[in-house]
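Asks: This is the structure I have questions about; it appears just below.
Read the figures in this text as sums done on the coordinates, not as results from a lab. For clarity, every value in this text was computed on a predicted model and none was experimentally measured. Note that each Cβ is placed from the backbone with ideal geometry, even for glycine, and that neighbours are counted across all protein chains shown.
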Amino acid sequence: MKFSSISNLLLTASLIFCSIVHAEEKTKELCFFQTANGKVSQVIGKDNVPEKYSDSAKCISSNNAKGPQLAKPEEIELSGNIRREDISSSLGDIKLRWPRKIEGLFGRTPLRALTDSANVVSKVIRQSSFPPHVQNINSTWNVVYMDENLPESQIPFQLISNCHPGWMTPPTNIYIVAQRIAAGCGGQKASSTSVADSELAKVLIHELGHAIEYQLLEGRQWNDRMRSEGFATWFTQYAANFSSLVSARDLRKEYFEWARQSLKQSPEHFNFQGSALDYARASLYFSAIENRLGIRGIIDVYKEMREKDIDFFAAADSKINWNRERLEQEVRKVANK
Ligand SMILES: [Zn+2]
């Protein structure tokens, strides 16, 4: 499997949600701009950018609309004064780089934030239900924090123009856009560095969760974005119980509210398109299994996926006897708990 293509990238929703409109026609120029409420809009041609956004809009030739492939974290060019740390953590060695100018955005150093989150994730996976190959994970992690000036020659355009605060590529590469966490898309600053620290912890745990899921699957059945984001979103809520920075109760409340909104809007059909509500709803498949069968139920379903090379719904059906209808029923039950 090729992991470098855009369709294989996993993106995090976090609390920052922006959408992008895809132009279907071939045009000379695609222009993107961020509106005051933080959404990214796309128009065809510079002339169609509203005047107040014309200075901040970015335009590219449609021939180049996808932009370059994503460079490895260790190759991402950072500007200004750069810190580099190679450390060992509870999940293995971490190679980390960041531009010094982002340090003021957070109360904790980027290094401390990452080691804290690695410790939280380590506590989660050291529970007995996780298979030994995940519990004993000892990988080399490549992590880069970037500021808002993303190197356009090294990052696909979709990632530059959307507002996702972090990305992960298998097996253990993590990219964090610091400003998007601390300041959001609309440029409104987090109310304090402790709020920014909490947001950063959520994003880091979510991205580490993707890497744990990849290990659970040993790379099989990887290309299912709904399941991957559902898992990582559920994992963040679960792991928050082990974190001093993230309130598990508040996070659950927020995600469950979004999931209920999604269920209300479309009770019968769920077509994952990457909105924050979609992430929340996808996570309920995991919350529903956890609610009835504990973490072990989730881990058993992953074992089934891995061993039989089948997708999530087929594995839930064959391993825990929940067909899709039963699973949806359990989702509605857990959402209204
Ligand atoms: Zn994600």
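Asks: How big is D, in µm² s⁻¹, for the range 225-298 by Stokes-Einstein at 10 °C and 1.306 mPa s if Rh is the Kirkwood radius over C-alpha pairs?
Replies: Working: Rh = 12.4 Å.
Using the Kirkwood radius from Cα pairs, D works out to 128 µm²/s.
Asks: Compute a Gaussian network model of the chain, connecting alpha carbons closer than 10 Å, and tell me which residue from Glu307, Glu51, Glu74 fluctuates the most.
Replies: So, out of Glu307, Glu51, Glu74, the one fluctuating most is Glu51.
Asks: Give the aspartates and glutamates reachable from Lys308 as a straight Cα distance under 17 Å; neighbours fewer than 8 places away on the same chain don't count.
Replies: Leaving aside aspartates and glutamates fewer than 8 places away in the same chain, those within reach of Lys308 are Glu213, Glu218, Asp224, Asp300, Asp317.
Asks: Identify all aspartates and glutamates with a Cα-Cα distance to Lys253 below 14 Å; exclude those on the same chain that are fewer than 8 residues away in sequence.
Replies: In chain and number order, there are no partners.
Asks: Tell me, rounded to the nearest percent, the portion of alpha carbon pairs in the range 140-278 spaced more than 26 Å apart. It would help to have the intermediate numbers written out before the result.
Replies: Working: 2497 of 9591 pairs.
Above the 26 Å cut-off, the range 140-278 has 26 percent of its Cα pairs.
Asks: Taking 0.36 nm per residue of sequence separation and subtracting the Cα-Cα distance, how much length would be gained by fully extending the chain between Ser247 and Cys59, in nm to one decimal?
Replies: Contour length minus the Cα-Cα distance gives 63.7 nm.
Asks: Below 8 Å, C-alpha to C-alpha, sequence gap of six or more: please give me the relative contact order for the chain in percent. Show your work: numbers first, answer last.
Replies: Numbers: 587 pairs, mean separation 58.6, N = 337.
Relative contact order of the chain: 17 percent.
Asks: Counting only residues 5 or more places away or on other chains, whose amide H sits under 5 Å from the amide H of Glu148 once H atoms are built in the peptide plane?
Replies: Gln179
Asks: Which whole number of Å³ per residue matches the convex hull of the alpha-carbon atoms in the range 51-122? Don't skip to the answer; put the middle values down first.
Replies: On the way: hull volume 12.1 nm³, N = 72.
Once divided by residue count, the hull of the range 51-122 is 168 Å³.
Asks: At a 10 Å Cβ-Cβ cut-off, how would you order His164, His133, His210, His269, fewest neighbours first? Show your work: numbers first, answer last.
Replies: Numbers: His164 22, His133 10, His210 26, His269 5.
If I rank by nearby Cβ atoms, fewest first, I get His269, His133, His164, His210.
Asks: Same structure, new question: What is the extension gain from Asp93 to Lys52, computed as 0.36 nm multiplied by their sequence separation minus the C-alpha to C-alpha distance, in nm to one decimal?
Replies: Values: separation 41, 0.36 × 41 = 14.76 nm, distance 4.64 nm.
Length gained between Asp93 and Lys52: 10.1 nm.
Asks: In whole angstrom, how far apart do the alpha carbon centroids of the range 223-244 and the range 307-337 sit?
Replies: 17
Asks: As an exercise, take the mean of 1/r over every pair of distinct alpha carbons in the range 107-174, invert it, and state the Kirkwood radius in angstroms.
Replies: Details: mean 1/r = 0.0695 Å⁻¹.
Result for the range 107-174 stands at 14.4 Å.
Asks: Whole number please: convex hull volume per residue, Cα atoms of the range 202-337, in Å³. Provide the component values of the computation, followed by the final result.
Replies: Values: hull volume 13.2 nm³, N = 136.
Residue-normalised Cα hull volume stands at 97 Å³.
Asks: Can you work out the base-10 log of I(q)/I(0) for the chain at q = 0.10, 0.13, 0.14 1/Å, using the Debye formula on its C-alpha atoms alone?
Replies: Values returned for q = 0.10, 0.13, 0.14 Å⁻¹ are -0.59, -1.01, -1.17.
Asks: Taking 0.36 nm per residue of separation and subtracting the Cα-Cα distance, what length does fully extending Lys303 through Lys264 add?
Replies: Details: separation 39, 0.36 × 39 = 14.04 nm, distance 3.22 nm.
Here the answer is 10.8 nm.
Asks: Using a Gaussian network model on the chain with a 10 Å cutoff between Cα atoms, which of Gly209, Gly166, Gly92 fluctuates the most?
Replies: Gly92
Asks: Could you compute the FRET efficiency for Ser79 and Thr109, with r as their C-beta to C-beta distance and R0 at 22 Å, rounded to 0.05?
Replies: Values: r = 19 Å, r/R0 = 0.87.
For Ser79 and Thr109, the calculated efficiency is 0.70.
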